[in-house]
Amino acid sequence: MNTELEQIVAEVNKVVKGKEPVIRKVLAAVLSGGHVLLEDIPGVGKTTLAMALGRSMELECKRMQFTPDVLPSDIIGFTMYNSGTGEFEYRKGAVFCNLFLADELNRTSSKTQSALLEVMEEGKATVDGVPHMLPRPFTVIATENPFGSSGTQMLPESQLDRFLICLNVGYPAHQAAVDILKGSTQKGLEQVRSVITVERLMELRAQAESLHVEDNMYDYIVRLTEETRVEPRIALGVSPRGSIALLKMAKAMALMRGGDYLIPEDVLAVIEDVWRHRIHLNARARAEGVDVSGIIFDITERIHAV
């Protein structure tokens, strides 16, 4: 296993007890250069996980609590007239950082949600026709409460597709819950120490990107993708972007286990998290209460690496 990455997981685990698999996948998404959507009920540690991860890698972090009155200009910035110089000046928005935590993203308006699209995809914010490049690395970790909670609205499909993975944190296990009650996780983020620098993170990203992939693994991912398009319970299968996302995440997972090439287990470890929010069921499947995760499992049982 990669020692540095294991140390990061251990540091985050100091304040987010009993969620090591989730921590690993969020770290893998950061290594992949992708964005993360944490979907769960309030109070299970989503925000703490994001802030601790940023602290362990010396990332400049900014957090925004999304409410109905948050405006796009709050996110990407705005230009204003400076009477002293007689010129218009650009004031940066909250996204100008390495790790932007969008807390309860689905509580704000659709217009404000859409303001994140360009910065997530292009790494820049365009204000009054002028592009402004964001720092590198740049990652969005957004949290959302389940649809149906008071004051929430569904994210549009175009927004969901920009997230590399979608994870559920879930309730803590019994012993982790006991530790929380004892106060062992209430010491704050100060106990999380820095493990790597931003420069080292970029080096690790490059290693993940250049990881060796055999032709049969490319074929395996494509066959899995094609199966989602012929599955009778699925109305909208996985796009080529979803295939690329799966490959990126699998490479990062391979790097975390200390491997120098991709194996099927790396793909299977993350396929549900990468595809669950990208697959749309047809009306009959929804009426029957079919679970997307179950369909993904069925597909992986049918399709095997050659």
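Nothing in this text is a laboratory measurement; each read-out follows from the coordinates by a stated rule. On a predicted model such as this, the values are computed, not experimentally measured, just so you know. Cβ sites come from the backbone with ideal geometry, for glycine too, and all protein chains shown count toward neighbours.
For an R0 of 30 angstrom, estimate the FRET efficiency from the Cβ-Cβ distance between Q175 and S293 and round to the nearest 0.05.
Here the calculated transfer efficiency is 0.70.
For the range 120-255, rounded, prolate or oblate, judged on the Cα gyration tensor with a ≥ b ≥ c (square roots of eigenvalues), a/c < 1.5 rounded, else prolate if a/b > b/c?
rounded
Taking other Cβ within 10 Å of each residue's Cβ, how do D161, D260 sort, fewest first?
D260, D161
Can you give the three extents of the C-alpha atoms in the range 1-118 along their principal axes, from longest to shortest, in whole Å?
Extents along the principal axes, in whole Å: 57, 30, 22.
Need one number for the chain: average projected area of the convex hull over its C-alpha atoms, nm².
Details: hull surface 72.8 nm².
Computing the convex hull of the Cα atoms and averaging its projections yields 18.2 nm².
Of T47, L247, L268, which is farthest on the positive side of the dipole of the chain, counting Cα position, with +1 on Lys and Arg Cβ, -1 on Asp and Glu Cβ, and the Cα centre as origin?
Towards the positive end, the residue furthest out is T47.
Which of E288, E118, E144 moves most in a GNM of the chain, Cα contacts under 10 Å?
E288
Please find the FRET efficiency linking L268 to E20, where r is the Cβ-Cβ separation and R0 is fixed at 22 Å, and quote it to the nearest 0.05.
With R0 = 22 Å, the Cβ-Cβ based efficiency is 0.75.
Provide D298, D215, D74 in ascending order of the number of other Cβ atoms located within 10 Å of each residue's Cβ, fewest first. Intermediate results must be reported in sequence, preceding the final value.
Numbers: D298 13, D215 8, D74 17.
With the sparsest Cβ surroundings first, the list reads D215, D298, D74.
What share of all Cα pairs of the range 58-179, in percent, falls into each consecutive 10 Å distance bin?
12, 39, 30, 14, 4, 1, 0
Please give the contour-minus-distance gain from T300 to Q153: 0.36 nm per residue of separation, less the Cα-Cα distance, rounded to one decimal in nm.
Working: separation 147, 0.36 × 147 = 52.92 nm, distance 3.17 nm.
Here the answer is 49.8 nm.
Which lysines have a Cα lying under 25 Å from the Cα of K19, excluding residues fewer than 8 positions away in the same chain?
K46, K62, K182, K187, K248, K251
Calculated from DSSP H runs of 4 or more alone, at -39500 (n - 2.57) each and per residue, what is the 222 nm mean residue ellipticity of the chain, nearest 500?
Helix-only estimate at 222 nm: -13500 deg cm²/dmol.
First check a/c for the range 37-99, with a ≥ b ≥ c the square roots of the eigenvalues of its C-alpha gyration tensor; if it is under 1.5, answer rounded, and if not, answer prolate when a/b is larger than b/c or oblate otherwise. Show your work: numbers first, answer last.
On the way: a/c = 4.68, a/b = 1.97, b/c = 2.37.
Oblate shape, in that a/c is at least 1.5 and b/c is the bigger or equal ratio.
What's the longest bit of the chain with no exposed trypsin sites (Lys or Arg not before Pro), using DSSP loop states and at most 12 other Cβ atoms within 10 Å as the test?
Value returned for the longest uninterrupted segment is 1-186.
Counting residues in the range 186-306 as N, plug N into 2.2 N^0.38 Å and put the Cα Rg over that result. Kindly include the intermediate steps, with their values, before the conclusion.
Working: Rg = 17.4 Å, N = 121, 2.2 N^0.38 = 13.6 Å.
Against the compact-globule rule of thumb, the ratio is 1.28.
Dipole of the chain, Cα-centred, from +1 at each Lys and Arg C-beta and -1 at each Asp and Glu C-beta, to the nearest 20 debye?
About 600 debye.
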